[in-house]
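In what follows, a single structure is set out as structure tokens and then discussed.
What follows draws every value from the coordinates through simple rules; no lab data is involved. Being a predicted model, the structure only gives us computed values, none of them experimental. Quick reminder, even Gly has a Cβ in these numbers, built from the backbone with ideal geometry, and neighbours come from all protein chains shown.
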Amino acid sequence: MDGVNATLVERRDLTADVASLFVRPDAPGAPYRAGQYATLGLDDGDRVIQRPYSMAAPHAPHGAWEFHVRRVHGGALTERLWELRDGARLRLGTPRGRFTADPSDGRPRLLVATGTGIAPFVAMLREDLAGGRRRRTTVVHGAAHADELGFADLLASLAADPRTGIRYLPTISRPADPRNRRWSGATGRAESVLADGWDALGLEPAGLVAYLCGNPGMVSAVRVMLEARGVGPADVRAESYWLDRAAAPVA
């Protein structure tokens with residue numbers, strides 16, 4: 001297969017349909033910034049099937065790149081990714097995207113994600129902590145099911161340490177689903193939970209910068225809410241995640 005340039009090192013399943021994929025490039029990868037994405041691809045006869053996914057960790061020049069991926073049943077690529085065994089060969093694209101944070105920007109930060117849209121935010125937080133940077137950050141993450149809240153343990157542990165300045169509010173949108181029977185946290189869509197908890201979270205529009213990543217409906221709703229609360233459009237940055245069979249994320 002001409003063009004393959006990476007190896008699947010490991011897949012860590014969160015659920016049957018959500019996993020972290022660790023992909024190692026053959027050569028030291030091009031440097032990337034937290035928040036960027038790259039395509040994963042497989043050859044299919046005379047064509048290449050590829051989709052973009054955000055990296056969930058800062059760049060490790062000689063290590064594997066971590067991607068947080070949802071399997072889409074009937075999707076052209078993810079069904080095949082789930083069939084791969086460790087050691088399988090695939091294509092890894094060049095890092096792209098401008099959905100990145102300025103390390104010198106010390107303003108309070110609001111990160112709102114749905115589903116696997118949490119990946120670029122985890123990369124941003126990991127990069128900040130690795131660089132010794134601490135900034136007040138509120139993370140709101142919504143998913144249909146509690147077991148789909150990727151990196152929940154990591155985020156909860158960071159929020160439990162007051163030195164990090166991180167607050168974490170996970171929520172599920174289907175509390176009546178039997179899969180969520182043990183859930184005791186917030187319920188409702190991310191945008192609704194954010195609106196209801198705005199004051200309790202101590203959020204102030206002045207000086208706030210917001211990053212939104214995930215379902216386009218959430219992105220649109222939170223944009224409107226932030227504007228109504230006085231957050232300027234230039235201080236809201238967004239990336240919408242689409243299903244596997246759709247186009248690339250749009251920054």
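Can you pull the Kirkwood radius for the range 35-93, inverse mean 1/r over Cα pairs, to one decimal in Å? Before the final figure, lay out the partial values.
Details: mean 1/r = 0.0807 Å⁻¹.
Over the range 35-93, the inverse of the mean reciprocal pair distance is 12.4 Å.
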> Which of the trypsin sites (Lys or Arg not before Pro) found in the range 65-119 are in a DSSP loop and have at most 15 neighbouring Cβ atoms, other than their own, within 10 Å?
Replying inline: ARG85, ARG98
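If you count the DSSP beta bridges with both ends in the range 96-249, what percent of them are antiparallel, to the nearest 5?
Details: 0 of 25 bridges.
So the antiparallel bridges amount to about 0 percent of the total.
Return the calculated 222 nm mean residue ellipticity for the chain, to the nearest 500 deg cm²/dmol, obtained by summing -39500 (n - 2.57) across DSSP H runs with n ≥ 4 and dividing by the residue count. Don't jump to the answer; show the numbers that get you there.
Working: 5 runs with 46 residues, N = 251.
That calculation yields -5000 deg cm²/dmol at 222 nm.
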> For ALA195, what charge total do you get from the other residues with a beta carbon under 14 Å from its beta carbon, if Lys and Arg give +1 and Asp and Glu give -1?
Replying inline: -1
> So, counting K/R as plus one and D/E as minus one, what does the shell of residues with Cβ under 13 Å around GLY217 add up to?
Replying inline: +1
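Just the Kirkwood number for the range 109-240, please: inverse of mean 1/r across all distinct Cα pairs, in Å, one decimal.
Numbers: mean 1/r = 0.0672 Å⁻¹.
One over the average 1/r among Cα pairs gives 14.9 Å for the range 109-240.
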>> Counting only other residues whose beta carbon sits under 10 Å from that of ALA56, what net charge do I get with K and R as +1, D and E as -1?
In response: 0
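Compute for the chain: radius of gyration divided by Kirkwood radius, i.e. Rg/Rh, restricted to C-alpha atoms, rounded to two decimals. Mind showing how you got there, number by number?
Working: Rg = 17.9 Å, Rh = 18.6 Å.
A ratio of 0.96.
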